[in-house]
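Reviewing the structure listed below.
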Amino acid sequence: DKVAILPGAPSDVWRYTAERIVGPEDTLTPVGESYTGPLIRLRRGQRLRVRIDNDLPEDTTVHWHGLHVPPDVDGQPRLPIAPATSMAVAFDVVDRAGLYWYHPHPHGPDGGRVGFQSYAGLAGPLIINDDAERALELPDGERELVLILQDRTFSNGNELQYIDDGGMGAMMTRMQGFRGERVLVNGHPDARREVSTQPYRLRLLNGSNSRIYKLAWSDGRAVTVIGTDGGLLAKPERRRSVTLAPAQRIDLWVDFGDTEPGESVQLVSEEYQLGMMGERMGDMMDRGMMGDRMGGMMDRGMMGDRMGEMMDRGMMRDMMGSERLSLVTFAVVARANDAETLPERLAQDLPASPVQADTPVRRFELGMRMMQGFTINGRQMEGATVADDEIVRLAQTEIWEFVNNTMMPHPMHVHGLQFLVQERISAGGKTDLHDGIIDAGLHDTVLVFPEERVRIALTFKDFEGFYMYHCHTMEHEDAGMMRYFKVV
Ligand code: C2O
Ligand code: CU
Ligand code: CU
């Protein structure tokens with residue numbers, strides 16, 4: 001069958017379908033009756049074998065986001081799976097218990113297709129269990145909910161729409177990253193879950209192309225975080241709101257014990273401003289400078305029309321931040337008697353900081369190239385080649401410092417490992433999202449705000465070869481804010 005895959009055209013939904021399941025019955029479970037890929041459940045210590053058949057009309061790959069796997073099964077764009085061909089991959093599951101995910105990673109000479117393919121439906125969750133986690137007896141079964149947050153825009157015919165027009169609108173979208181008009185949870189709008197007066201474990205994946213969420217509870221209760229990208233924290237962290245950037249996962253504990261049956265509580269994303277970007281843009285708009293600025297870059301007449309249109313549709317406002325969104329309604333429908341409490345000590349297997357006085361620091365400056373997108377140390381994606389400063393040593397620990405010299409936040413991701421966030425230095429003042437940042441625990445994606453420097457500590461273990469590092473705002477990586485690094 002033919003599918004419309006041109007930017008701007010409404011698309012068919014692309015799905016991961018699992019044909020054959022080998023192994024324990026519960027290895028694969030559907031996440032719901034929508035486009036999201038099946039939930040893959042693995043045990044630490046297992047070996048996973050997958051055959052990927054590409055039935056799409058274009059190249060794709062399957063990347064195991066967050067997992068410590070050898071470079072050749074990491075789904076990197078240098079190893080595309082062509083239409084009507086297959087690829088067999090196998091790896092040992094060595095990572096800690098946690099919520100990970102899988103998604104495509106193709107990038108050809110004309111740019112990346114991660115944004116489009118993920119948007120069209122290709123992404124799914126992957127959970128690893130282990131004994132250490134099981135011993136904590138966290139809520140499971142019906143009280144463990146996997147929630148994938150994604151925003152989408154629909155045409156009048158209810159088809160998915162990606163970058164929705166050419167010219168200025170499309171350019172702006174590529175710059176800010178695509179934001180959909182509605183938030184879907186596991187592929188459904190207006191998500192609702194029926195719960196009882198008991199604790200629940202909510203495992204959230206931000207599978208959106210670019211939207212950042214500021215998670216909070218509608219009744220003002222604290223958000224209790226028990227885990228991050230790389231599994232459980234050493235102890236719970238409680239915040240009024242929690243920031244979740246694209247590709248990040250967060251593990252929440254919530255007790256509906258105080259909520260009366262018949263009542264409901266909503267998980268929301270609060271209104272926020274992106275900080276520097278918001279202030280500057282707001283300032284420029286107030287002083288009527290936007291038209292001038294942009295007019296110099298583009299055709300003046302078209303720009304005027306577009307800007308007016310975008311402002312009417314709230315797009316400019318959206319660029320600077322986000323409005324309050326309701327994500328999931330938890331309707332309490334039944335009373336339960338057994339009250340469990342959350343242990344104040346969670347994981348005991350988190351690594352101590354590997355950083356020593358002589359740990360080398362590698363610096364990555366995030367920049368922007370007018371009309372061409374974003375750069376890392378002045379470079380963009382060039383295929384499987386690395387510069388001298390992109391070669392790291394096997395078994396070595398390094399500090400990577402991301403310096404954000406742009407007006408936008410960038411969720412920076414490193415393949416093949418989990419890292420510790422060592423330090424966050426904000427020069428330009430804090431944004432609305434800062435309070436909700438969880439830097440404790442293990443991460444594979446870290447949000448770096450404008451005028452901020454974030455240091456992470458990482459160790460390149462076990463496998464030599466190519467890996468990638470990039471911004472996980474999918475339109476940024478597709479436009480080249482992505483590079484290989486090489487472990488030797
Ligand atoms: Cu989730 Cu290189 O990506
Ligand atoms: Cu990844
Ligand atoms: Cu970015």
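Of all the numbered requirements in (1) outside the structural domain of Leu233 (by TED's automatic domain parsing); (2) within 27 Å of the chain's Cα centre (by Cα), Glu340 misses one, and that requirement is (2).
Residues in segment 384-397 include none that are within 16 Å of ligand 2 (Cβ to nearest atom) and surrounded by 19 or more Cβ atoms within 10 Å (Cβ to Cβ). For segment 320-367, a residue qualifies if it is within 23 Å of Thr459 (Cβ to Cβ), touching a residue at least 40 places away in the same chain (Cβ under 8 Å) and not in a strand (DSSP E or B), and the qualifying residues are Leu346, Ala347, Gln348, Asp349, Leu350, Pro351, Ser353, Pro354, Val355, Gln356, Thr359. Look at segment 385-396: where a residue is in contact (Cβ under 8 Å) with a residue 60 or more places away in the chain and farther than 16 Å from Tyr469 by Cα and a partner is surrounded by 12 or more Cβ atoms within 10 Å (Cβ to Cβ) and of a type in the set (Val, Ile, Thr), sitting 6+ places away or on another chain with Cβ atoms under 6 Å, you get Leu394/Val487. Every test in (1) basic (Lys, Arg); (2) within 23 Å of Gly373 (Cα to Cα); (3) touching a Leu at 6+ places or on another chain (Cβ under 9 Å) is passed by Arg174 save one, and that test is (3). Taken over segment 33-52, residues that are part of a loop (DSSP other than H, G, I, E, B) and exposed (fewer than 15 other Cβ atoms within 10 Å of the Cβ) amount to 2.
Within segment 437-481, the residues that satisfy the criterion of being among the basic types (Lys, Arg) and away from ligand 3 (no atom under 16 Å from the Cβ) are Arg455, Lys461. Residues considered: Gly436, Gly416, Gly429. Of these, the only one that is within 15 Å of ligand 2 (Cβ to nearest atom) and either small (Gly, Ala, Ser) or in the same structural domain as Gly75 (by TED's automatic domain parsing) (or both) is Gly416. Looking at segment 147-203, which of its residues are in contact with an Asp or Glu (Cβ under 6 Å, 6 or more places away or on another chain) and in a strand (DSSP E or B)? Result: Thr153, Val183, Pro199, Arg201, Arg203. Within segment 57-111, take every residue that is touching a helix residue (DSSP H, G or I) at 6+ places or on another chain (Cβ under 9 Å), within 16 Å of ligand 2 (Cβ to nearest atom) and not in a loop (DSSP other than H, G, I, E, B) and give me the one that is farthest from Pro38 (Cα to Cα). Among those that are touching a helix residue (DSSP H, G or I) at 6+ places or on another chain (Cβ under 9 Å), within 16 Å of ligand 2 (Cβ to nearest atom) and not in a loop (DSSP other than H, G, I, E, B), it is His107.
The values are calculated or read from the model by the stated rules, or taken from the named source; none is laboratory data. All figures in this text were calculated on a predicted structure; none of them were measured in a lab. A quick note on method: Cβ atoms are made from the backbone with ideal geometry, for glycine too, and the neighbour counts reach across all protein chains shown.
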